[in-house]
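The values are calculated or read from the model by the stated rules, or taken from the named source; none is laboratory data. Note that the structure is predicted; figures quoted are calculated from it, not measured. Counting neighbours? That spans all protein chains shown, and the Cβs are built from the backbone with ideal geometry, glycine included. In case anyone asks, the SASA skips ligands and DNA or RNA and just uses the protein heavy atoms, side chains included. Shrake-Rupley method; radii C 1.70, N 1.55, O 1.52, S 1.80 Å.
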Amino acid sequence: MKILFATPECAPYVKTGGLGDVSAALPAMLAQLGHDVHLLMPAYRGMKVSGEIGDGVDLPAYSHWPAAQLVPVKVDTGVTLLLLTCPALYQRPGGPYVDASGRDYFDNAMRFGLLARVASQLGTVHSPLRGWRADVVHANDWPCGLAPLYLAQTRMIAPHEPTAASILTIHNLAFQGVFPMGEADALGIPHHWRGIEGVEFWGDLSMLKAGIQFADAITTVSPSYAREIQTEEHGAGFDGILRARASRLRGILNGIDRRLWDPAQDKLLPQRFTREDLKGKAECKSILQQRVHLAVDKSAPLFAVVSRLTAQKGIDIVLDALPALVRAGGQLVVLGQGVPELQEALTAAARQHPKQVAVTLGFDEALAHLIEAGADAFLMPSRFEPCGLNQMYSQAYGTPPIVAPVGGLLDSVTDATADPQRGTGFVMPSCDAAGLQDALGRALAAWKQPQQWRRIQSNGMAREFGWEDSALQYLDVYQAAGVVVDGGKASELAAR
Ligand code: ADP
Ligand code: GLC
């Protein structure tokens, strides 16, 4: 099958969160399973890519967009990277979505509109890559949300031309790509799709809504989140349309990329370790304590957070539970960046308890790996969590996670109190400070029983969290969506 995976970020080139990890792992697994996978992403400033670079292809001029090129690069995972090169839109200091001062770029509608436009074009007979047309366009999150709409538009204009099936994966419903409706002209959104049945969302236009309305299939990154987003509480205003499209919506749990996250082979760790021999983990703990200037103390249980510092992640809940954790003799190491007030509150706590609380603000891949390896337990009291990757990494690294009872956390952690034989972590009874304290108390009690703790670590380290299973589920979804598009001829698609 020819698969076009469109994404605004992909590790190791550009990553702000889990989507970067998924974009690196899932396409590579699909390629490994024998499919022809092209990954489309913008060529941001300073991106380092190695591989066999092909000739750039000039893109046809699309309405209001500046001139752009596609540069194919064959990378070592077997995936062809298609770098969408448009210096006027993407060569900027700052991150993929925000400028150096943290503000959204003023022209994000056009920046990501182009990404979606090109993604859709690659799934039509007018594909700019000669000889290559996608059978499936897999759009990720709001930045690619218009791709299914553009494909639907092509089908309306030229119903007899074959077009790719469109898949939207929602990695986080909280990011909705909302822009003034005034942008609709420049984006080429037809008038008849600017209403409530189309892209309209409280008077504005939402690129995520476009994807939800027009995709042939919708997935999200865990079965529990797929259920939750159909409720008013977690639907972020989209629960109605998600319920209406429920038959097209499916949750597929993310996996973890063992090439990068395996404590026995992790090149970013000072000491490596395995499920059978955790000596290296104990060494990682003291190296970590030194590195972040905590008291170097084997007997202090070390809790960890590696996260965007936002309300979603329940960082305020960690702050509320912190006094009890400190009183119990625990330590906390935090790596993250985000909301200034949360950064300040964490830094203040570190100043108050310098031997027990350490906070590093910023994005640091190597330190994230050392924390996963060196900590005793991991905290994720998220208010909602579409999937979450850190709770899976921490299980692989013998660091039982303490998690909120939501989304992908529920689908990937087994509570060790409820199931002492198979438990891999601790699930909070509620998503608040009392819930975290309850789970923390149970974790501390278990930690004091080395045999019991060892079993929890060992259970977690034995978990597979493989990408292959999930990739096979995506292939199922692609195939079913293809059936929808070409009314029965899709078995041919699946066989390719
Ligand atoms: P989300 O995508 O909502 O941020 P996930 O748990 O899915 O949450 O993925 C977060 C990813 O980003 C993980 O790979 C995590 O290790 C990484 N990460 C988050 N914050 C940092 C940071 N400050 N430094 C390094 N890695 C980080
Ligand atoms: C989002 C979610 C996170 C998920 C990630 C990758 O950023 O917040 O839960 O793991 O996407 O799918």
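Tabulated values for the structure
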item	result
Solvent-accessible surface ranking, highest first, for Met461, Met41 at 1.4 angstrom	Met461, Met41
Cα-Cα P(r), segment 98-216, percent of pairs per 5 Å interval	2, 13, 22, 24, 19, 11, 6, 2, 0, 0
Shape category assigned to segment 358-443 from the gyration tensor of Cα positions, a/c cut at 1.5	prolate
Packing rank of 311-323, 4-16, 399-411, 66-78, where each peptide gets the mean count of other beta carbons within 10 Å, highest leading	399-411, 4-16, 311-323, 66-78
Cα-based reach from Lys279 at 30 Å (exclusive), listing lysines while leaving out same-chain residues under 8 positions away	Lys267, Lys298, Lys355, Lys448
Percent RCO, i.e. relative contact order, over the chain, from Cα pairs under 8 Å lying at least 6 residues apart	12 percent
Simple spin-label estimate for Gln32 and Glu365 in nanometres, 7 Å along Cα-Cβ	1.8 nm
The chain: angle of helix 340-352 to the longest principal axis, Cα-based, in degrees nearest 10	20 degrees
Bridge type composition, the chain - antiparallel percent by DSSP, nearest 5	25 percent
Semi-axis lengths (Å, descending) of the ellipsoid that matches the C-alpha gyration tensor of segment 250-366	25, 21, 13
Helical mean residue ellipticity (222 nm; -39500 (n - 2.57) per DSSP H run of 4+; nearest 500) of the chain	-11000 deg cm²/dmol
Two-decimal ratio, segment 323-371, of alpha-carbon radius of gyration to 2.2 N^0.38 Å	1.16
Potential extension, Lys74-Lys267 segment - 0.36 nm per residue separation minus Cα distance	67.1 nm
Cα pair distances in segment 192-288, grouped into 10 Å bins until the bin that holds the longest one, percent each	14, 30, 15, 15, 19, 6, 0
Rg(Cα)/(2.2 N^0.38 Å) for segment 173-248, N = residue count	1.10
Crossing angle, helix 279-291 versus the chain [Cα axis fit, 0-90 degrees, rounded to tens]	90 degrees
For segment 35-93 versus segment 155-174, the gap between their alpha-carbon centres in whole angstrom	21 Å
Sites Arg227 and Ala445 - FRET efficiency at Förster radius 35 Å, r taken between beta-carbons, to 0.05	0.65
Among 96-105, 186-195, 384-393, 217-226, the order from most to least packed when residues are scored by Cβ within 10 Å on average	384-393, 217-226, 186-195, 96-105
Whole-Å distance, taken between Cα centres, linking segment 113-143 and segment 309-351	42 Å
Proximal lysines relative to Lys74, as straight alpha-carbon distance under 16 Å, when same-chain residues fewer than 8 apart are discounted	Lys2, Lys48
Ile53 versus Ala324: modelled label distance in nm, points set 7 Å from Cα along the beta carbon direction	5.6 nm
Phi to ³J(HN,Hα) by Karplus 6.51 cos²θ - 1.76 cosθ + 1.60 over segment 193-205, Hz, x for Gly, Pro	10, 9, x, 5, 6, x, 9, 5, 9, 6, x, 9, 10
Radius, Kirkwood style, for segment 1-73 when every pair of distinct Cα atoms is counted (Å)	13.6 Å
Degrees separating the helix 433-447 axis from the principal Cα axis of the chain, which is the longest one	60 degrees
Gained length - Arg351 relative to Asp419, 0.36 nm times residue gap less alpha-carbon distance	20.6 nm
1.4 Å probe accessible area per residue over the chain, in Å²	40 Å²
Distribution of pairwise C-alpha distances over the chain, 20 Å bins, in %	24, 54, 22, 1
Summed residue charge, Cβ within 9 Å of Ser23's Cβ, Lys/Arg positive, Asp/Glu negative	-1
Label-reachable residues, segment 23-54, where backbone N falls under 15 Å from a point 7 Å from Ala100's Cα toward its Cβ	45-46
Fraction of accessible area attributable to carbon and sulfur, segment 279-462 (%, probe 1.4 Å)	55 percent
Spin-label zone in segment 170-207 - amide nitrogen under 15 Å from a point set 7 Å from the Cα of Gln312 along the C-beta vector	170-178
Dimensionless Rg/Rh of segment 279-462 - Kirkwood Rh, Rg from C-alpha atoms	0.92
